[in-house]
Amino acid sequence: MTVLADTGAVYALLDRSDEWHDRVLAWWGGARRDVLLPVTILPETTYLLHQRIGPHAEAEFIRAVDEGDFEWVGLDVRDVTRTADLLQTYRDQPIGFVDASIVAMAERLGVTTILTTDRRHFGVIRPSHTEAFVLAP
């Protein structure tokens, strides 16, 4: 099973003081899954790590991505179009570019599970390829 990860879950995995840390860590260590980091979460994740933990945490995370500890997936030109459509459709729910791009990538890849701490946005969005996302942890 392939899962796409959102910024909040990746940050929680890396920050032991985050309220979601234990839940995300337990999920991450559970049954075997392929977890992909959408490229669009990298700027948000590095920003949070830098601001909340320090520049060393930001650098360590990027080094881990570079060394293959985290697998990432790129943004396709079709994803950009779909992201714009989602932002328009959910304009009353300010889902933002990153969340909308994750949905677009999930639709393209056929992914139905999102690793996220954001129940508000991902719980509202109705993807085109499944009735609703499964939200983990």
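The values are calculated or read from the model by the stated rules, or taken from the named source; none is laboratory data. What you see is a predicted model, and the numbers here were worked out from it, not measured in a lab. Backbone-built Cβ (ideal geometry, glycine too); neighbour counts: all protein chains shown.
Tabulated values for the structure
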{"read-out": "Residue satisfying all of: in region 83-137; touching a strand residue (DSSP E or B) at 6+ places or on another chain (Cβ under 7 Å) and without any contact (Cβ under 8 Å) to a residue 60 or more places away in the chain; surrounded by the fewest Cβ atoms within 10 Å (Cβ to Cβ) among these", "value": "Arg119"}
{"read-out": "Qualifying residue in region 15-34 (condition: over 28 Å from Gly110 (Cβ atoms), surrounded by 12 or more Cβ atoms within 10 Å (Cβ to Cβ) and in contact (Cβ under 8 Å) with a residue 12 or more places away in the chain)", "value": "yes"}
{"read-out": "Conditions (1) at pLDDT 95 or above; (2) assigned to a helix (DSSP H, G or I): number failed by Gly123", "value": "(1)"}
{"read-out": "Qualifying residue in region 47-60 (condition: surrounded by 12 or more Cβ atoms within 10 Å (Cβ to Cβ), in contact (Cβ under 8 Å) with a residue 12 or more places away in the chain and of a type in the set (Ser, Thr, Tyr))", "value": "no"}
